[in-house]
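Peer 1: Questions regarding the structure given below will be posed in turn.
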Amino acid sequence: MKDKKLILYLAIIVLALILITQSTFIVQETEQVVITQFGKPVGNAITTPGLKFKTPFIQKANFFEKRYMEWDGDPNLVPTKDKMFIFVDSYARWQITDPLQFFKRMTNERGAQSRLDDIIDGETRDHVAAHNLVETVRSSNRVPVSSGAVSEEIGDSLANITVGREKIQGMILKSSNEKAKDLGIEILDFRFKRITYEEKVREQVYNRMNSERYRIADKSRSEGQGEASKINGEKERELKSIQSLAFKEAEEIMGKADAKAAAIYAAAYDRSSSSRELYAFLKSMETFQKTFDDQTSVILSTDSELYKYLKSMK
Amino acid sequence: MTNNQFDNLNLSPNAKKLLKNWRTILISLILLIIAWSGFFQIGPEEVGIVTRFGKYTRKVDPGLNFKLPFFEKVQKVAVERQQKLEFGFRTIRAGVKTDYSTSGYSNESFMLTGDLNLANVEWVVQYRIDDPYKFLFKVRKPESTLRDISESAVRQIVGDRTVDEVITVGRTEIATKVEEMAQKICDDYSLGTRIDQVVLQDVNPPDPVKAAFNAVNEAIQEKETLINQAKSEYNKVIPKARGQAKETIQKAEGYATERVNNAKGEVARFNALYIEYVKAPEVTKRRIYLETMATVIPMLGTKIITDEKGSNVLPLLQMQLNEKTIKE
């Protein structure tokens with residue numbers, strides 16, 4: 001008797017457990033649920049978390065993500081309007097905003113990702129191809145900050161834009177959202193992650209960068225030489241000017257002194273005929289003293305004033 | 001029935017007592033399990049997010065906390081810990097001498113600048129989770145989302161600058177702008193993260209053009225050197241020339257003074273003499289002549305004195321000549 005009672009209890013407990021698990025379900029904060037009855041959606045989607053109920057056995061809870069989900073595109077080779085081939089790698093974040101619609105259209109997330117691939121890749125291609133490369137790179141017409149000597153050379157190399165990266169991203173987002181409207185999803189944001197040149201173009205860019213740099217290097221070097229020459233020239237000019245000025249001044253000083261001396265001499269010597277004679281006489285005497293030495297031989301006549309007394313006393 | 005079975009066994013009185021109280025033991029065991037799964041600890045750098053049947057109920061602070069067993073779940077989020085995302089490189093082993101690896105991450109660091117050149121930018125994003133609720137429940141894969149945001153923001157900011165700005169003067173400004181922009185996108189996505197800092201690490205031109213960039217730097221150095229050399233040469237020569245010029249002028253002035261003074265002196269002497277000369281011109285003249293001769297003649301070498309008539313040969317002269325020949 002007791003055994004039978006126990007089995008009955010156990011059976012009731014098991015049945016109750018099955019009933020509970022079949023009629024309740026837990027919705028996490030990150031989830032939303034669509035209830036289906038024999039595969040057909042019933043009622044509104046459940047978007048709030050907590051313990052929820054359903055009709056056991058005949059209803060099924062289909063869980064969907066409520067958070068923003070990632071979409072990461074493969075890098076696409078896309079030509080720009082100015083015929084540059086670039087790889088565009090972009091990302092988006094999206095959300096299931098209408099789980100019921102989403103359930104009808106997409107069934108599951110994998111299908112949605114693949115639909116998003118089609119939509120966003122297509123839009124990206126269209127919009128990138130409609131703009132020049134620089135429009136997808138720059139987002140404003142800011143003026144570059146000078147970085148010294150180099151940027152003086154190429155500072156104006158930032159080309160101005162009319163649309164810009166931010167707006168192109170916005171356009172892709174808008175038109176993608178329009179196409180994804182009836183899928184029950186909304187794309188929150190679309191952005192270019194990486195834009196890079198295709199391999200061949202990259203080589204060309206390197207060549208351009210190299211030639212640009214070497215041009216700057218050459219210019220800088222020749223500027224240095226020019227500047228050095230200028231300083232050298234200044235040095236030479238100044239040197240000559242200093243030297244010649246000094247020479248001129250010295251000559252003037254000496255000339256003035258000579259003139260003054262001459263005037264002094266003239267005033268003394270040119271006083272009268274006898275002063276002139278005395279001067280001439282003294283000068284010749286002085287000349288004797290200065291010019292005669294032991295190499296000089298003289299033949300002196302006894303008629304001379306000096307030796308006239310040698311012969312006889314007159 | 002069960003009691004009967006136990007009675008059949010040979011057990012000590014203590015064991016029998018234990019078995020008698022099995023209900024109490026079972027209940028206390030269950031209570032223990034409840035306590036065990038109900039109490040939980042939150043570390044000092046964390047907060048706990050408690051959900052009941054999946055629904056967020058409360059946030060709990062560090063320390064010992066209690067939740068309803070089975071019905072409530074707790075997720076711990078390290079809100080105080082600063083976390084780091086690396087772009088273009090990865091830290092292999094942090095330590096006193098940290099090892100980095102850059103190979104394989106060039107896709108992350110490679111980007112177009114506004115002048116359509118290429119640059120390699122490596123950077124770090126430091127962030128904290130400032131809203132654990134959003135962090136857990138608003139965005140799936142928040143970390144990879146933050147990576148995407150960072151890459152996009154850096155490229156957008158770098159895309160508006162020249163390669164020279166990126167490599168040289170723009171570094172700090174770029175980091176600040178990226179921080180602002182990335183934070184704004186985080187807020188738009190309800191990511192629940194706060195970006196503390198964006199730090200640009202190595203920022204370089206790509207390898208194939210590095211040599212050319214270095215050449216520019218070298219050329220700039222060379223330019224400076226050439227100019228400095230020229231300036232130094234200038235500074236070596238010009239002050240010296242100025243000094244020499246002064247010397248020349250001073251010498252000229254010296255000459256001038258000397259010349260004038262000499263003239264004055266000579267004239268004074270002449271004048272003095274002249275006064276006397278005028279008194280007795282002939283005598284004075286003769287005296288001077290003879291005095292001059294007296295000083296000049298002894299200095300001379302060979303002296304030959306002749307008489308016009310040739311009758312008087314001077315023995316004195318002869319003697320002098322002889323002496324000379326003997327000496328030779």
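Peer 1: Cα-based Rg of region B:220-288 per 2.2 N^0.38 Å, rounded to two decimals?
Peer 2: 2.56
Peer 1: Listed highest first by mean packing, meaning other Cβ atoms within 10 Å per residue, what order do B:179-189, B:78-88, A:279-289, B:164-174 come in?
Peer 2: B:164-174, B:179-189, B:78-88, A:279-289
Peer 1: Amide H neighbours of A:L300 under 5 Å, counting only residues 5+ apart in sequence or on other chains, H built in-plane at 1.01 Å?
Peer 2: B:I304, B:I305, B:T306
Peer 1: Remind me, what semi-axes does chain A give for its equivalent ellipsoid, largest first in whole Å, using sqrt of 5 times each Cα gyration tensor eigenvalue?
Peer 2: They are 121, 24, 17 Å, listed from largest to smallest.
Peer 1: Another question, if that's okay. When chain B is modelled as a GNM with alpha-carbon springs shorter than 10 Å, which of B:W36, B:W123, B:W22 fluctuates the most?
Peer 2: Highest fluctuation among the options: B:W22.
Peer 1: Which of the DSSP-defined H helices in chain B satisfy a minimum axial length of 20 Å, computed from C-alpha atoms, and a minimum mean Kyte-Doolittle hydropathy of 1.0?
Peer 2: Length and hydropathy pass: B:22-38.
Peer 1: Starting from the Cα coordinates of region B:2-77, work out the convex hull volume and express it per residue in Å³.
Peer 2: With only Cα atoms used, region B:2-77 gives 117 Å³ per residue.
Peer 1: Let me ask something else about it. Just check region A:199-265 against the gyration tensor rule for me: Cα atoms, a ≥ b ≥ c as the square roots of the eigenvalues, rounded for a/c under 1.5, and otherwise prolate or oblate depending on whether a/b exceeds b/c.
Peer 2: prolate
Peer 1: So which lysines can B:K251 reach, going by Cα to Cα under 16 Å and dropping same-chain residues fewer than 8 places off?
Peer 2: Those lysines meeting the cut-off are A:K248, A:K256.
Peer 1: Taking just the alpha-carbon atoms of chain B, what radius of gyration and Dmax come out, in angstrom?
Peer 2: Radius of gyration, then largest Cα-Cα span, for chain B: 57.4, 197 Å.
Peer 1: Still on this model: Excluding residues on the same chain fewer than 8 positions from A:K5, give the lysines whose Cα lies under 27 Å from its Cα.
Peer 2: List returned: B:K20.
Peer 1: Here's a follow-up. Helix-only mean residue ellipticity at 222 nm, chain A, DSSP H runs n ≥ 4 weighted -39,500 (n - 2.57), per residue, nearest 500. What is it?
Peer 2: For chain A, the value works out to -18500 deg cm²/dmol.
Peer 1: Another question, if that's okay. Would you work out the relative contact order for chain A, in percent, from Cα pairs under 8 angstrom that are 6 or more residues apart?
Peer 2: Once divided by the residue count of chain A, the mean separation gives 14 percent.
Peer 1: Kirkwood Rh over alpha-carbon pairs of the protein assembly as shown, then Stokes-Einstein at 4 °C and 1.567 mPa s: what D in µm² s⁻¹, rounded to an integer?
Peer 2: Estimated diffusion coefficient is 35 µm²/s.
Peer 1: Still on this structure: Could you go through region B:79-92 in sequence order and give the Karplus-derived ³J(HN,Hα) for each residue, using 6.51 cos²θ - 1.76 cosθ + 1.60 with θ = phi - 60°, rounded to whole Hz, and x for Gly and Pro?
Peer 2: Going residue by residue, I get 7, 8, 7, 7, 10, 9, 10, 10, 10, x, 7, 9, 6, 7 Hz, with x marking Gly and Pro.
Peer 1: Still on this model: Mind checking B:110-122 for the average number of partner chain beta-carbons within 10 Å of each residue's beta-carbon?
Peer 2: That average works out to 6.
Peer 1: Which trypsin sites (Lys or Arg not before Pro) from region A:49-120 combine a DSSP loop assignment with at most 14 other Cβ atoms within 10 Å?
Peer 2: Within region A:49-120, the qualifying trypsin sites (Lys or Arg not before Pro) (loop, at most 14 other Cβ atoms within 10 Å) are A:K81, A:K83.
Peer 1: Looking at this model, which pairs from A:K260/B:K246; A:K219/B:K240; A:K52/B:K84; A:K167/B:K55 are more than 30 angstrom apart at the alpha-carbon?
Peer 2: Table pairs above 30 Å Cα-Cα are A:K219/B:K240; A:K52/B:K84; A:K167/B:K55.
Peer 1: Taking a cut-off of 18 Å between Cα atoms, list the aspartates and glutamates near A:K283, but don't count ones fewer than 8 places away on the same chain.
Peer 2: A:D270, A:D293, B:E266, B:E276, B:E282, B:E291
Peer 1: Taking each pair of distinct Cα atoms in region A:17-168 once, what is the resulting Kirkwood hydrodynamic radius in Å?
Peer 2: Evaluated on region A:17-168, it is 19.5 Å.
Peer 1: Averaged over all directions, how much area does the convex hull of the C-alpha atoms of region A:2-65 cover when projected, in nm²?
Peer 2: That works out to 5.1 nm².
Peer 1: Ratio of alpha-carbon Rg to the 2.2 N^0.38 Å globular estimate for region B:83-205, to two decimals, please.
Peer 2: Against the compact-globule rule of thumb, the ratio is 1.07.
Peer 1: Restricted to Cα positions, what overall size does region B:172-271 have along the principal axes? Three whole-Å values, descending.
Peer 2: In descending order, the Cα extents are 118, 32, 13 Å.
Peer 1: Average projected area of the Cα convex hull of region A:168-293, in nm²?
Peer 2: 22.6
Peer 1: Given the options B:I195, B:I220, B:I275, state which has the largest fluctuation in a GNM of chain B using a 10 Å cut-off (strictly under) for Cα springs.
Peer 2: Of the options given, B:I275 has the highest mean-square fluctuation.
Where a number appears in this text, it was derived from the coordinates with a stated rule and is not lab data. Everything numeric in this text was worked out from a predicted model, so none of it was measured. In this analysis, Cβ positions are derived from the backbone assuming ideal geometry, glycine residues included, and neighbour counts consider all displayed protein chains.
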